[in-house]
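The values are calculated or read from the model by the stated rules, or taken from the named source; none is laboratory data. Computed from a predicted model, the values in this text were never measured in an experiment. Positions of Cβ are backbone-derived with ideal geometry, glycine not excepted, and every protein chain shown enters the neighbour counts.
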Amino acid sequence: MTDESADSLKIRFAADRMLGRLARMLRLLGYDTTYSPGVTPRALRECAQKEGRTILTRGDFTARFPAVEKIFCVKPENAAEQLREVVVHFRLDARSGLFTRCTLCNGLLREVAKAEVESEVPPKIFAIYADFFRCEDCRHVYWRGSHVERILKKLEALLGTPGGAPDERD
């Protein structure tokens, strides 16, 4: 991981309640992104300021988030295009942090011994896969199934270059 890509992973986001799918996709890329569908603008602003997060929102944000310096207004309605816009704007590394955060709760994923998850995954999954990961916070179990290749292909199509960042000519 280059210094620049390590620095880009340090940016932290707080997604407004209308950006749940974007929050999940940023987590998928390894970015620390808080999100709660019931959060009020005031609570989001306080969380962002306290934790040094950049607020991601849509629409006119001046009334909802007065005097907030670290804020970005996402323009596209489609979540995939929102991701592309955020990756381009913040020059995010879309590869080095892949699959390191829980898409459900934002916790960090840690590899666990296969035997630890036998009772938590379907028998067929347990028989096929060797590597398993658990969220440190919500305890959800993940594995690198066939869906991983599909996700990688979608990211490549959306974000362009193999390094993850879209080509600036796009």
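Of a type in the set (S, T, N, Q), under 30 Å from Gly145 (Cβ atoms), part of a helix (DSSP H, G or I) and modelled with pLDDT of 95 or more - does that describe any residue in the range 71-92?
yes
Starting from the range 123-146, keep only residues that are without any contact (Cβ under 8 Å) to a residue 60 or more places away in the chain and under 21 Å from Leu108 (Cβ atoms), then list their pairs with residues that are of a type in the set (Asp, Glu) and not in a loop (DSSP other than H, G, I, E, B) whose Cβ atoms are within a distance under 7 Å, requiring at least 6 positions of separation or different chains.
Taking only residues 6 or more apart or on different chains, the pairs are Asp131/Glu111; Phe133/Glu111; Val141/Glu120.
I'd like the full set of residues that are hydroxyl-bearing (Ser, Thr, Tyr) and farther than 23 Å from Val87 by Cβ, limited to the range 37-63.
Thr40, Thr62
Let's see how each residue does on (1) outside the structural domain of Lys70 (by TED's automatic domain parsing); (2) over 12 Å from the mean Cα position of the chain (by Cα); (3) among the basic types (Lys, Arg); (4) more than 30 Å from Leu56 (Cβ to Cβ):
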site	(1), (2), (3), (4)
Glu81	no, yes, no, no
Leu104	yes, no, no, no
Lys114	yes, yes, yes, yes
Val121	yes, yes, no, yes
Tyr129	yes, yes, no, yes
Cys135	yes, yes, no, no
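So which residues in the range 120-146 are at pLDDT 85 or above and in a helix (DSSP H, G or I), if there are any at all?
Scanning the range 120-146 gives Glu120, Pro123, Lys124, Ile125, Phe126, Ala127, Ile128.
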